[in-house]
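Colleague: The structure under discussion is supplied below as structure tokens; questions concerning it will follow.
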Amino acid sequence: MDTTINDAALSNQKTAADKTRFSIIGGASFSHFLNDMIQSLLLASYPLLKGQFSLSFMQIGLITFAFQVTASLLQPWVGYFTDKYPKPYALVFGMGATFIGLVFLALAPNFQMLLTASMLIGLGSAIFHPEASRIARMASGGRFGLAQSLFQVGGNTGTAMGPLLTASIILPGGQRSIAWFLLVALLGMVILSQLCRWYKRQLVLGKHPTKKRGVAYIPLPANKVRMAIGILLVLIFSKYFYMASLSSYFTFYLIDKFHLTAQGAQSYLFVFLFSVALGTVSGGPIGDRIGRRLVIWVSILGVAPFTLLLPYADLFWTGVLSAIIGFILASAFPAIIVFGQELMPGRVGMVAGLFYGFSFGLGGIGAAVLGQLADVTSIRFVYHVCAFLPLIGLAAAFLPKLQKVGQTPVTVN
């Protein structure tokens, strides 16, 4: 009798542990929304800062460089460190760095202070992404792709909202109006403190996601893991260089080719960004069902026919193709992160930091490189060149097939 009761209690505990905690994932996603919205405020405020401080384009580039290098280079190291030495309240500290960065940005009297502000916001981002991604995974109940998609779509939405808020609040109100967004950072700190309490409780219960208990796949040799991670980084390069061409220059392309107004071009950009959000939500759950390797293959290489057609399309089909491209490409990233975490169990934070940092850095580099290319050629030529980038997705053929523990045949996942 006692044995039966104990078995039932253990079963109930296991069921509770395996349950997908949508409240935690939702909190992580909303925090991602707030974090990435603040990041995009910095970039969207460039016209204001350029005029107020008489900045050159080189100085604007240095602000972007300081922000993106800080964010992209530190993320893998933050993830690596907290994999080994969990810091439940690191997220609150990161949002605190962002808060101080906003104070500096609102009160900056000179270019040097603007650089410091951008680095502090970059530091906050570097801490946020690997740690918040870790919490979303811990709350997934095994539905890792779904959790990653829900987490990431918060960031995509925040990035899209930043320019709208800048146009309505910061540009009319001037530099000091940036201080209003300190309330956003404070809200983020409150929400993150609650998530961190939950995270700390999981650590006490011994449920840290970097522990290798219950590994779902047979581990691969170290050389195959390194090769696979390298391939995933190559695929991220293909994805984010092409995404940079649309997110940064699509409106200029539409104005140049179809003579749209700036407002009209913005509506097409919104359609693209909305499709990116839909693709992000879809990619993770689809990967949970049909296998992440297949999603990665289809989402990177499968978009090539549409990118090759885009430079030759009329206005209507340009809008349709951009939506299809955004949806398909965006579905790849959640699958890439979870696939990488399955390749390297016990390195959840490091993998998330590596991929987020790499993609973030590539977005900035891609925008700069493609801008230079557009200066020396034309904006239309950029899209003819970038159309071939998804063909790099052929490299996905070399990704290893992971075999589930306890299964004899090799399954695709």
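The values are calculated or read from the model by the stated rules, or taken from the named source; none is laboratory data. Remember, predicted model here, so these are calculated numbers, not experimental data. Note that we place each Cβ from the backbone using ideal geometry, even for glycine, and neighbour counts take in every protein chain shown. For accessibility, only protein heavy atoms count, side chains too; no ligands or nucleic acids. Shrake-Rupley method; radii C 1.70, N 1.55, O 1.52, S 1.80 Å.
Colleague: Applying the selection to segment 237-269, what residues are without any contact (Cβ under 8 Å) to a residue 24 or more places away in the chain and under 24 Å from T157 (Cβ atoms)?
Modeller: T251, A262, Q263, G264, A265, Q266, S267, L269
Colleague: Would you say L310 is assigned to a helix (DSSP H, G or I), touching a residue at least 40 places away in the same chain (Cβ under 8 Å) and under 29 Å from A147 (Cβ atoms)? Don't jump to the end; show me each part of the working.
Modeller: On the way: assigned to a helix (DSSP H, G or I): yes; touching a residue at least 40 places away in the same chain (Cβ under 8 Å): yes; under 29 Å from A147 (Cβ atoms): no.
Considered against the rule, which asks whether it is assigned to a helix (DSSP H, G or I), touching a residue at least 40 places away in the same chain (Cβ under 8 Å) and under 29 Å from A147 (Cβ atoms), L310 comes out as no.
Colleague: Quick test for you: out of F355, F339, F360, pick the one residue that is within 30 Å of Y199 (Cα to Cα), open to solvent by less than 70 Å² (accessible area, probe 1.4 Å) and at pLDDT below 80.
Modeller: F360
Colleague: Another question, then. Would you say I169 is crowded, with 24+ Cβ neighbours inside 10 Å and either of a type in the set (V, I, T) or in contact with a strand residue (DSSP E or B) (Cβ under 9 Å, 6 or more places away or on another chain) (or both)?
Modeller: Answer is no for this residue.
Colleague: If you don't mind, there's one more thing I want to ask. If you check F93, F104, which single one turns out to be open to solvent by 60 Å² or more (accessible area, probe 1.4 Å), in contact with a Ser or Thr (Cβ under 7 Å, 6 or more places away or on another chain) and free of Cβ contacts under 8 Å to residues at least 60 places away in the same chain?
Modeller: Criteria check complete, one pass: F104.
Colleague: Look through segment 307-328, keep the residues that are aromatic (F, W, Y) and surrounded by fewer than 16 Cβ atoms within 10 Å (Cβ to Cβ), and return whichever of them is nearest to G279 (Cα to Cα). Working first, answer last.
Modeller: Step one: of segment 307-328, the residues aromatic (F, W, Y) are 312, 316-317, 327.
Retained after the next criterion (residues that are surrounded by fewer than 16 Cβ atoms within 10 Å (Cβ to Cβ)): 312, 316-317.
Working: Y312: 24, F316: 21, W317: 19 Å.
Looking at the filtered set, the residue picked out is W317.
Colleague: Just wondering, is there one or more residues in segment 49-67 that are of a type outside the set (K, R), within 30 Å of P345 (Cβ to Cβ) and open to solvent by less than 10 Å² (accessible area, probe 1.4 Å)?
Modeller: no
Colleague: Then there's this: Looking at (1) open to solvent by 60 Å² or more (accessible area, probe 1.4 Å); (2) at pLDDT 85 or above, which is the only condition I231 fails?
Modeller: Looking at each condition in turn, I231 falls short on (1).
Colleague: Another question, if that's okay. Are there any pairs with C-beta distances below 6 angstrom linking a residue in segment 217-236 that is at negative phi and in a helix (DSSP H, G or I) to a residue that is of a type in the set (F, W, Y) and open to solvent by 60 Å² or more (accessible area, probe 1.4 Å), with the two at least 6 apart or on different chains, and if so which?
Modeller: Between residues of segment 217-236 that are at negative phi and in a helix (DSSP H, G or I) and residues that are of a type in the set (F, W, Y) and open to solvent by 60 Å² or more (accessible area, probe 1.4 Å), the close pairs are I231/F398; L233/F358; I236/F358.
Colleague: Same structure, new question: Of all the helices (runs of 4 or more DSSP H) wholly in segment 1-113, which have at least 3 residues that are modelled with pLDDT under 85?
Modeller: 2-18, 22-44, 46-53, 57-84
Colleague: Now, a different point. With respect to M113, is the statement that it is open to solvent by 10 Å² or more (accessible area, probe 1.4 Å), farther than 13 Å from A352 by Cβ and free of Cβ contacts under 8 Å to residues at least 40 places away in the same chain true? Step through it out loud before you land on a result.
Modeller: Working: open to solvent by 10 Å² or more (accessible area, probe 1.4 Å): yes; farther than 13 Å from A352 by Cβ: yes; free of Cβ contacts under 8 Å to residues at least 40 places away in the same chain: yes.
Taking the combined requirement at face value, the residue satisfies it.
Colleague: Being open to solvent by less than 30 Å² (accessible area, probe 1.4 Å), within 19 Å of the chain's Cα centre (by Cα) and under 26 Å from L394 (Cα atoms): is that true of I286 here?
Modeller: no
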